[in-house]
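Please read the structure below before turning to the comments.
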Amino acid sequence: MVKKIKISKYTALLLLLLLTFSSTLYAAGSESSKDISIFLLLTGLLGGMGMFLYGMEMMSDGMKMTAGNSMRVILEKLTSNKFLAVFVGAFVTMVIQSSSATTVMLVSFVNSGLLNFAQALGVILGSNIGSTVTAQIVAFKVTDYALLLIAFGAMMSLFSKKETVKNLGFVILGFGLLFYGMKVMSDTMKPLRTDPTFNSILTSFENPFLGIMAGAIFTALVQSSSATTGIVITLASGGSITLEAGIPLIFGANIGTCVTALLAGLNASRDAKRVAIGHVTFNFLGVLLFCFWIPTFSEIVVKTSDNIPRQIANAHTIFNIMATVIFIPFTGYIAKTIIKFFPDKNVQRNIEKPALLHLDEKSLDQPEAAINNAQAEISGVVGLMERVVGTLVRPFIDNQEQTDIENSELDLKTGLNQRLDKIGYLNKSISDYLLKTSRGDLSSDQSKEVFSLVSTVNYLESMNNIVKLRFEKLVDDKKNLDGNFSEEGQQEILDYHTKLVKQVKRLNQFFNKFDRTKAQKIMQKGQKYKDIEEKYRLEHFQRVSKDVAESVSTHELHMELMDLLKQMNIFIELIASTLLSPELDKS
C-alpha cells in the first residue's frame, strides 16, 4: 500500500510529459510498423500494468482519505443483522474501493467486540459485491479522456489548499492513471491479436480449470481482484479475449483475492484467522457452485449487454450477488462451524509484561483499523482501572486483612500493585502504537481522534501514578491510627466512592461499544459529584469543629483520602470531555 499520497509538482509535471510522449510513441509506432519488438511488448505491458495498478491504489487511498472515519462509523453502527451487514459491506467497499481494507477493519471490530463473527461474515459477503463496482467503472470506454483526468486530478491534488479537494484530486488522478494504463496495454496487445500462439493461450482460458487457476495465481501476485478483472476487461475491449475465457478468469480472481486475507491472518489473532477463513470459504464455495455451468451462465450474461467488456463486468457483479443470496441464510451455521475448528485459546497474561490483545502492527497502514485497535486496548486498561478504583477504600473501612478482589491467594496491596504495573505497561504500549499510527496517512479528523486517544492514555497514566504515589502511604497512616472514621465520615467516603466507581463503569461502557451517551452522562454527573464532595467536606469540618473524637483523630487521613477520590473523578471527567470534543464527533 502507498504510505504517503504525496507527489512533488515537478514530478507530476514530468509524469504528464512522459505519459504524453509515450502516447505519441505508441501512436506513431502503430502507424509505421506492423510488428512490435519483444522489448516494446514487455515494456508496454508491464508499464501499462504498473500505471493501472498504481492508479487503482491511488484511487483507493484517495477515497479512503476522503471518506475519513465515516466508513468505520458505518461498520460500527449498522451491522445489527446479517442482511444489513451485507449492505454495509457492499457500500463501504464500494466507497473505499478495497475489499482488503474492509477485511482489515472487520478483524479489528471482531477483536474489540463491536461485531460478532457471524455479522462479520455478512460484511464479507457484501464486500465481494462492493468490489465489483470497479469493474463496472472500468467497462466504460473512457480511455480517450485518461490524460485529461490525469491533468485535472494532478492540478486539484497539487494546487488546492483544501484537504477534501486534494484527496478528491488523488481519486481523479488515480482514475486517469488506471484508464491510461488500460490504453497502453490495449495498444501494446493489438499486434498480438493475429499471433497464433497468443490466441492459443487466451483460448485455453475457456477451459474452466485453466482459467480459474490463471486468474487465481495472477490475483494472488497483484493482490487485487479488481486489478485482475480490469485487465480482463482491457483484453476483452481489444478483442483479445472472449466472454467464455473471461468468466473463469474472474472466478479465479475471487479465489486469488483471499490470499491477502490469509497472509494477514497467519500471525494474527484467532478472530483474524476466522475472518480470513470465512472469506476463503465463501469465495471458494461460490466458484465451486458456478464453475460447472459456465456455458449456461455465459448465455445469461450475453443478454445483459451488447459488448464483451460490459458483459464481463456484469458477470462479475451477477456472480457475487447470486453467491451472496445463496450463502447469506447459512452465515450463522458457517460461523459456528469455523469457530468449532478454530476455538478460542486462553491467553495467559504475564504479570511483568501482559499480552497486548489488540495492537496489531499490520493494521498501522489502515488508520481506521489502527484507531479501533487502540480503542479496544484502552478498553482493557479502563477495565483494570475499574478494579483499582473499586479497591481504594477497602483498607480504610475494614480492619481485617484484605485479599485481592480477583485472586484470593494475594493480599490486597500486592494485587493492586500488580494491576498498576500492568496498566503502566499497557499505557506505554498504546502510546507507542498511537504514535506509529499518527505517522500514517491520516485525515484531519483521524489525527484529532488519535490525539484524543493519546490524551486519554495520559490521563489514565496520571490516575495510575496518583494511586502509586498516595495509596500505600494512606494505608500506612491508617495502620498508625488508634481509632476509625466516625460513622458519618465513613458513610460519606463510601457514598462518594460508590459514585466514583459508577463513573469508571460508564467510561468502560463507552469504550466497550463506543456509546457516547455514557461519556455524556459522566459530564452530567461530574458537576453534581463535585458539589457532593464539597458538601461532605463541609460536614466533616463541622464535626471537627464540634470536637467529635473520631473526626478529629482521622481528620488528615479523611481529607487526603477524599482528595484522592476527587482527583480520580476529575481525571475521568477530563477523559470524557476529550472524547466528546466537538471536533471529534463521529455521529
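Does Thr456 count as at negative phi, among the β-branched types (Val, Ile, Thr) and under 37 Å from the mean Cα position of the chain (by Cα)?
Working: at negative phi: yes; among the β-branched types (Val, Ile, Thr): yes; under 37 Å from the mean Cα position of the chain (by Cα): yes.
Judged against the criteria, Thr456 is a match.
Would the stretch 543-555 turn up any residue that is touching a residue at least 40 places away in the same chain (Cβ under 8 Å), within 22 Å of Phe451 (Cα to Cα) and of a type in the set (D, E, K, R)?
From the stretch 543-555, those touching a residue at least 40 places away in the same chain (Cβ under 8 Å) are 543, 548-551, 553-554; that's our starting set.
Subsequent filtering for residues that are within 22 Å of Phe451 (Cα to Cα) retains none.
No, the stretch 543-555 has no match at all.
May I ask you to verify whether Leu442 is touching a Ser or Thr at 6+ places or on another chain (Cβ under 7 Å), surrounded by 16 or more Cβ atoms within 10 Å (Cβ to Cβ) and in the same structural domain as Gln490 (by TED's automatic domain parsing)?
Details: touching a Ser or Thr at 6+ places or on another chain (Cβ under 7 Å): no; surrounded by 16 or more Cβ atoms within 10 Å (Cβ to Cβ): yes; in the same structural domain as Gln490 (by TED's automatic domain parsing): yes.
In short, no.
What number of residues within the stretch 377-390 are within 10 Å of His497 (Cα to Cα) and surrounded by 20 or more Cβ atoms within 10 Å (Cβ to Cβ)? Break it down into steps so the answer makes sense when it comes.
Within the stretch 377-390, the subset within 10 Å of His497 (Cα to Cα) is 389-390.
Then drop every residue that is not surrounded by 20 or more Cβ atoms within 10 Å (Cβ to Cβ), which leaves 389.
The qualifying residues number 1.
For the stretch 558-568, check the following and say yes or no: at least one residue is modelled with pLDDT under 90 and in the same structural domain as Val381 (by TED's automatic domain parsing).
Just the residues of the stretch 558-568 that are modelled with pLDDT under 90, to begin with: 558.
Going one step further and asking which of them are in the same structural domain as Val381 (by TED's automatic domain parsing), we end up with 558.
Yes: one or more hits.
Which residue is modelled with the lowest pLDDT, if the candidates are limited to the stretch 150-186 and must be assigned to a helix (DSSP H, G or I) and hydroxyl-bearing (Ser, Thr, Tyr)?
First pass over the stretch 150-186, keeping only residues assigned to a helix (DSSP H, G or I): 150-159, 163-186.
From what is left, the residues that are hydroxyl-bearing (Ser, Thr, Tyr) are 157, 164, 180, 186.
Working: Ser157: 84, Thr164: 79, Tyr180: 82, Ser186: 70.
Restricting to residues being assigned to a helix (DSSP H, G or I) and hydroxyl-bearing (Ser, Thr, Tyr), the top hit is Ser186.
Would you confirm whether any residue within the stretch 461-473 is under 34 Å from the mean Cα position of the chain (by Cα), within 14 Å of Leu579 (Cβ to Cβ) and assigned by TED's automatic domain parsing to the domain that holds Lys422?
Within the stretch 461-473 (the criterion being under 34 Å from the mean Cα position of the chain (by Cα), within 14 Å of Leu579 (Cβ to Cβ) and assigned by TED's automatic domain parsing to the domain that holds Lys422), the answer is no, since none of the residues qualifies.
When you look at Phe109, is it in the same structural domain as Phe327 (by TED's automatic domain parsing), closer than 30 Å to Thr324 by Cβ, modelled with pLDDT of 75 or more and part of a helix (DSSP H, G or I), yes or no?
Numbers: in the same structural domain as Phe327 (by TED's automatic domain parsing): yes; closer than 30 Å to Thr324 by Cβ: yes; modelled with pLDDT of 75 or more: no; part of a helix (DSSP H, G or I): yes.
So Phe109 fails the test.
Kindly indicate whether Leu460 is in contact with a helix residue (DSSP H, G or I) (Cβ under 8 Å, 6 or more places away or on another chain), at pLDDT 90 or above and more than 20 Å from Leu412 (Cβ to Cβ).
Working: in contact with a helix residue (DSSP H, G or I) (Cβ under 8 Å, 6 or more places away or on another chain): yes; at pLDDT 90 or above: yes; more than 20 Å from Leu412 (Cβ to Cβ): yes.
Yes; evaluated as a whole, the condition is true for this residue.
The values are calculated or read from the model by the stated rules, or taken from the named source; none is laboratory data. Keep in mind that this is a model prediction, so the values were computed, not measured. Cβ coordinates were reconstructed from backbone atoms using ideal geometry, including for glycine residues, and neighbour counts include every protein chain displayed.
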